[in-house]
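Single-structure report; data block below.
Please treat every number below as a calculation from the coordinates, not as lab data. Since we're looking at a predicted model, the values are computed, not measured. When we count neighbours, we look across all protein chains shown, and the Cβ atoms used for this are built from the backbone with ideal geometry, even at glycine.
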Amino acid sequence: MVETVLSVEGLSVSFGGVLAVDNVSFSLKRQELHCLIGPNGAGKSTFFKAICGVVRPSSGRVWINGYEATRLPAHRVARLGVGIKMQVPNLLEGLSVEENLWIAARCRHSAREAEDIVESLMNLTGIEKYRTSLVSDLAHGHRQHVELASALATKPSILLLDEPAAGLSETEVDELSSILQQLKNQTAILVVEHNTRFVRMIAESITVFHKGRILAAGSPDQVFQNEIVKKVYLGSN
Amino acid sequence: MTSQQTGGFTHVFFVPIVCGTLVFLFAPVFASTYTLSLLCVYALLAISLGLIWGFGGILCFGQGAFFGIGAYSYVIFSINFGLPWTSVLFAIVFTVLATTCFGAAMFYGRLGDVYLAVVTLVFTLILNRFLNSTAGPEYQIGSARLGGFNGIPGFPTLNFPWSDAAFLSDMVFYILCCVILVISWVFCRWILRSHFGRVLVAIRENEERVELTGYDVRLYKTAAFSISGGLAAMAGVLYANWAGIVTPNLFSLTLSAEIIIWTVVGGLGTLFGPMIGSAVLTAVKLGLGHQTLVDNFFVMGILLIAAVLVFPRGIAGAFSGRRVSVFGSKKKGKWQTRSNRTQEKLSND
Ligand SMILES: Nc1ncnc2c1ncn2[C@@H]1O[C@H](COP(=O)(O)OP(=O)(O)OP(=O)(O)O)[C@@H](O)[C@H]1O
Ligand SMILES: [Mg+2]
């Protein structure tokens, strides 16, 4: 069993000369629940996109479950076991909730397994009631749950969540954190989040991004006590 | 569960088949089989676009080109080798190969939707230009002269397999067209209900999501494009046999635009829609052909605008009252596509 599921070495992404991600090295262990925080424009989303093959890194390497994934097309990275929920809405708008999940589940599973996965995920995220609703008709909170469920439907070993709590009410945030706690023994989870309360609830360890670089990393207490972090991020919040 | 499935199956599958058969059987009472054959050919051509545009979100202006390639390759092969039925096979295989290469180049090159429409349009116009310039004797493939704007007349047409001289009568040819149309429709329905078809619909909804899930979107789109090319080629072969001549007009902008109008007027996202659209509009066009009072295209244009304003989801879409989900509800024991629902609804009306 590979202990390190995701390992990134010296990853850089530049957009026309602007370094959005600057020489970042990072690793994620099996069953780890890790949070990525940082001010707006720090490069967190770009870091995610570079890992899953949506954006091409200008240098550096990425390994997923022991396989090199640098510059692989997005669908190949997904097949190596990466599930992602993007920051922007990214669902099959004209399809129902269960169809959204089915498409994802069926990719690497038989029809029968796919149906089981769809049922269990709707159950987990509490969206059974909306199984036949079009996702474009759903309220924001439920859409976030569908996003989470469809990222999970491929049974990834690495789950990347870009701002899963954005726009959720306090109770919904609590629900989400308990869902993530339940998922912890199935998959490694990396969460980008601005909601400090949520981060404190879930994080086992935290990495702080600033201007494309890693500013600090460690346990929640260490990070939130860190003077520089307070200054660039927490202070500004 | 089995009986329920059989019940559902009878309902959504056999009802349209029975209605379709009745329409095909009684249509010759109202119009000549010669005209009706053309309507079938165009319906097949319309399905070929309806499949990739309505379900895959691929707006292709090149359907006329694949129609033409199918027709020309049939004619060239049959002039050189006789054997009409083998030529049919050859024409389809050749066109499918051509569309696969063309599609792969576009989809693996990550061409955007708008560029794809433009590139396929230009492709059609280039072929049109090229074939118009092939009047000279140097443009000869085997014993088939391309003949420039005059096209190629006089080639072996479909016959009964037991004798070269046993040509198909108008009635038999009409029946053949009907059968091929029905088979193609069943084939498309089967595709759309398969895993492949559902992924295709998902790609239409959000390509990036599907890609991030682990599907190779380029491969799926290329495959859909090839299937559509094959259907258009089949229509082209039938057209060549119907007309007895092929000309560069097959590659004209007019035809390619018409196919798009049929699909929009009939109903995007359904299989029945494009067929109905093509039949209705072609019938109108043929009707108008006998008078000189108003220009054909003027009427077509008015009809297109009227249809888009009055039935934004096309004729077929207007009949299926509410917006339906693509796979439909699973509670019925199976999943239906949007088009199935429409067809069900249509066959009940
Ligand atoms: N496609 C793009 N083209 C050009 N620049 C981009 C692109 N995507 C991101 N950037 C730039 O890269 C930097 C990092 O952006 P990114 O979206 O990764 O930040 P982030 O940390 O996710 O911020 P937020 O917390 O607001 O989501 C920003 O300066 C942004 O303007
Ligand atoms: Mg971001």
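Assorted remarks:
- Applying Stokes-Einstein at 4 °C and 1.567 mPa s to the Kirkwood radius of region B:36-348, computed over alpha-carbon pairs, gives a translational diffusion coefficient of 65 µm² s⁻¹.
- Dipole magnitude (debye, nearest 20) for the protein assembly as shown, charges at Cβ of Lys, Arg, Asp, Glu: 180 debye
- Beta bridge orientation in the protein assembly as shown: antiparallel %, DSSP, nearest 5: 60 percent
- Anisotropy class of region B:61-151 from Cα gyration tensor, a/c 1.5 cut: oblate
- Mean Cβ count within 10 Å, highest first, over the residues of peptides A:139-146, B:51-58, A:99-106: A:99-106, B:51-58, A:139-146
- Note on residue B:22 and residue B:59: the model spin-label points, each 7 Å out from Cα along the C-beta direction, lie 3.8 nm apart.
- GNM on chain B, alpha-carbon springs under 10 angstrom: the most fluctuating residue among B:23, B:210, B:88 is B:23.
- Length gained when the stretch residue B:249-residue B:159 is fully extended (0.36 nm per residue, less Cα-Cα span): 29.8 nm
- Summing +1 for each Lys or Arg and -1 for each Asp or Glu among the other residues whose beta-carbon sits under 14 angstrom from that of residue A:40 gives -1.
- With the largest listed first and rounded to whole Å, the semi-axes of the equivalent ellipsoid of region A:15-169 from the Cα gyration tensor are 28, 18, 13.
- DSSP-defined antiparallel bridges as percent of all bridges, chain A, nearest 5: 55 percent
- Taking the centroid of alpha carbons for each part, region B:185-246 and region B:257-307 are 23 Å apart.
- Highest-first arrangement of B:275-286, A:174-185, where packing means the average Cβ count within 10 Å: B:275-286, A:174-185
- Ranked by how many other beta carbons lie within 10 Å on average, peptides A:205-213, B:264-272 from highest: B:264-272, A:205-213
- When the Cα atoms of region A:22-84 are aligned to their principal axes, the ranges along those axes come out at 31, 29, 19 Å in descending order.
- Left without a cysteine partner by the 4.7 Å Cβ rule in chain B: B:19, B:60, B:101, B:178, B:188.
- Under Stokes-Einstein, with the Kirkwood radius over Cα pairs as Rh, the value for region A:78-237 at 37 °C and 0.692 mPa s is 198 µm²/s.
- Exercise: per-residue mean of other protein chain Cβ atoms within 10 Å, A:100-108: 5
- Rounded D (µm²/s) - the protein assembly as shown, Kirkwood Rh over Cα pairs, Stokes-Einstein at 20 °C, 1.002 mPa s: 80 µm²/s
- Approximate spin-label separation residue A:227-residue A:186, in nm, with each point projected 7 Å along Cα-to-Cβ: 4.5 nm
- Among the listed pairs B:221/B:285; A:85/A:184; A:44/A:184, those with a Cα-Cα distance over 24 Å are B:221/B:285.
- The Cα center of region A:200-228 and the Cα center of region B:46-102 differ in position by 60 Å.
- Residue B:176 paired with residue A:174, simple spin-label distance in nm, labels 7 Å along Cα-to-beta-carbon: 7.4 nm
- Summing charges over all other residues whose Cβ lies under 14 Å from the Cβ of residue A:217, with Lys and Arg as +1 and Asp and Glu as -1, gives 0.
- Paramagnetic label reach from residue A:113 (point 7 Å along Cα→Cβ; backbone nitrogen cut-off under 20 Å): within region A:53-69, residues A:65-67.
- Using the Cα coordinates of region B:165-237, the gyration tensor eigenvalues translate into equivalent-ellipsoid semi-axes of 35, 12, 7 Å, sorted from longest to shortest.
- Inter-chain shielding of B:200-208 (mean C-beta neighbours from other protein chains, 10 Å cut-off): 5
- Cα-based convex hull, region B:140-194, per residue volume (Å³, whole number): 174 Å³
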